[in-house]
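K.L.:
Pasting a structure below so you can have a look.
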Amino acid sequence: MEETKTQVYGTFGPSCKSREVLKEMIKAGMTGMRLNLSHTTLEKSKEYIENYRLAAKQQKVIPQILIDMQGPELRVGDMDEITLNQGEEICFVSVEKVVHAEDGISNEDEKLPIEKEVPLPPAVMQVINSGMEVLLDDGKIRVRIQGVTKKYAKAEVLIGGILKPHKSVKIVDVNVEMPILTEHDLHNIRMAKEYGVTALMQPFVFSGEDLKKVRKILWEESAEHIQIFAKIENRIGVDNLDNILPEADLIVIARGDLGNDMPLWELPVIQKKIENSCKKYGKPYMVVTQMLSSMEQNPVPTRAEVSDIFHAVYHGAKAVMVTGETAVGKYPAEVIRYLANTAKEALDFKYGKV
């Protein structure tokens, strides 16, 4: 295997929006930045991108910009941040029939039995049934559906937490069909070339056909140079990996939603299976999710986190990425320093330099 430098990606957010912080992140070893477009646009992120470009120019590096598409991922709608406590009841409503908490009246004047409401996409509300369990915010919050009417679904909170708008939604053991690209995605793709985007991260890839559709659109927008990173986020993607691999430029082992689709103790085995398939096919892969999550609040990571990074790179990951750690964490430059230095140690050991 040819020795190469590991690609190290951060994620844009309030904590790293300034040119000074981005410059420190690049100096610490960062090679690229991810922009989460689930609920924003390239135009609205212009300041982030411009600051990154200027910081990269000052450090004499080529800026790598990854856009993470909205795709078929299901998310909570617009709402105020709420605290959900274990054992309490909440109401799910369609984003098309959002209920105002102050009066408890929906568009069709039906009073909700519970004040705490969570708006969900219509596609979710159409398939939700009593007894189903729903995971919110990458599984941090878990609820069980108790009853469903034409207007709402009542649920009991099994695992509580703070729920913010636009967080992920997953119905356990149920796959909700959604278009591979939304109108929101298409708009951002049209702007991608202008903003210097180098790669597109496609969520919830089910098959190679999904990627063919994305690549066709890139060609139509004269953005064929943009690479496609296929995020494997559920069992369907894992099962169809042989079909996906030829159409992807890189595979992303997205452990957040992937971990929602199975008991967590199965996740390491699935990660290893994906890694082995990528190596067999000669396809580069990236490992993401909770690489240094403790550093959102702490200046030093856990021993388990640096071990996770080391083994990911040692076993073949060509790229690693952090998300909230740099987007909203307190120590974005330190996060990159630990990520990059640990990755370097892994390669040095692998190739006999340590």
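K.L.:
Which is the longest run of the chain containing none of the trypsin sites (Lys or Arg not before Pro) found in DSSP loop states (not H, G, I, E, B) with at most 11 other C-beta atoms within 10 Å?
P.N.:
So the longest stretch without any such site is 151-352.
K.L.:
Excluding A230 itself, what net charge comes from residues whose Cβ is under 13 Å from its Cβ, given Lys and Arg +1 and Asp and Glu -1?
P.N.:
Residues close to A230 contribute a combined charge of -2.
K.L.:
Equivalent ellipsoid semi-axes for the stretch 147-245, as square roots of 5 times the alpha carbon gyration tensor eigenvalues: give them largest first, rounded to whole Å.
P.N.:
Semi-axes (√(5λ), whole Å): 31, 18, 13.
K.L.:
If you don't mind, there's one more thing I want to ask. In a shell of Cβ-Cβ distance under 15 Å around V172, excluding V172 itself, what net charge do Lys and Arg (+1) and Asp and Glu (-1) give?
P.N.:
-4
K.L.:
Using a simple spin-label model with points 7 Å from Cα along the Cα→Cβ vector, what separation in nm is obtained for K273 and D249?
P.N.:
With each label placed 7 Å out from Cα toward Cβ, I get 2.8 nm.
K.L.:
Continuing with the same structure: Kindly express, to the nearest 10 degrees and within the range 0 to 90, the angle between helix 208-220's C-alpha long axis and the longest C-alpha principal axis of the chain.
P.N.:
70
K.L.:
Helix 267-281: angle to the longest alpha-carbon principal axis of the chain, degrees 0 to 90, nearest 10?
P.N.:
Approximately 50 degrees, to the nearest ten.
K.L.:
Which angle from 0 to 90°, rounded to the nearest 10, does the C-alpha axis of helix 46-58 make with the longest principal axis of the chain?
P.N.:
So the inclination is approximately 10 degrees.
K.L.:
Count charges around F204 for me, please; just the other residues with Cβ under 9 Å from its Cβ, Lys/Arg as +1, Asp/Glu as -1.
P.N.:
Here the charged neighbours net out to -3.
K.L.:
What base-10 log of the normalised intensity I(q)/I(0) is obtained for the stretch 32-88 from the Debye formula, alpha carbons as equal point scatterers, at q = 0.25, 0.29 Å⁻¹?
P.N.:
Relative scattering, expressed as log10 I(q)/I(0), comes to -1.03, -1.18.
K.L.:
A further question on this structure: Where is the GNM fluctuation largest for the chain (alpha-carbon springs, 10 angstrom cutoff): I159, I244, I65?
P.N.:
The residue with the greatest mean-square fluctuation here is I159.
K.L.:
Further question: Suppose each label sits 7 Å from its Cα in the direction of the beta carbon; what would the R53-K193 distance come out to in nanometres?
P.N.:
1.6
K.L.:
Compute the orientation-averaged projected area for the chain from the convex hull of its Cα atoms and round it to one decimal in nm².
P.N.:
Average projection, Cα convex hull of the chain: 18.1 nm².
K.L.:
Among E194, E305, which comes first, second and so on when ranked by fewest other beta-carbon atoms within 10 Å?
P.N.:
E194, E305
K.L.:
Ranking T4, T323 by Cβ neighbours within 10 Å, fewest first, what do you get?
P.N.:
Fewest to most other Cβ atoms nearby, the residues stand as T4, T323.
K.L.:
Using label points projected 7 Å from each Cα along Cα→Cβ, tell me how many nm separate I162 and K280, to one decimal.
P.N.:
It works out to 4.4 nm between the two label points.
K.L.:
If you look at just the Cα atoms of the stretch 284-326, how large are its Rg and its Dmax in Å?
P.N.:
For the stretch 284-326, the Cα-based Rg and Dmax read 10.3, 31 Å.
K.L.:
Amide H to amide H, which residues 5 or more places from Y285 or on other chains are under 5 Å from it, using H placed in the peptide plane?
P.N.:
Sorted by chain and number, the residues that satisfy this are I251, K318, A319.
Read-outs throughout are calculated quantities, based only on the coordinates presented, and are distinct from any laboratory measurement. Everything numeric here is computed off the predicted structure, so don't read it as measured data. Reconstructed Cβ throughout: ideal geometry from the backbone, glycine too, with neighbour counts over all protein chains shown.
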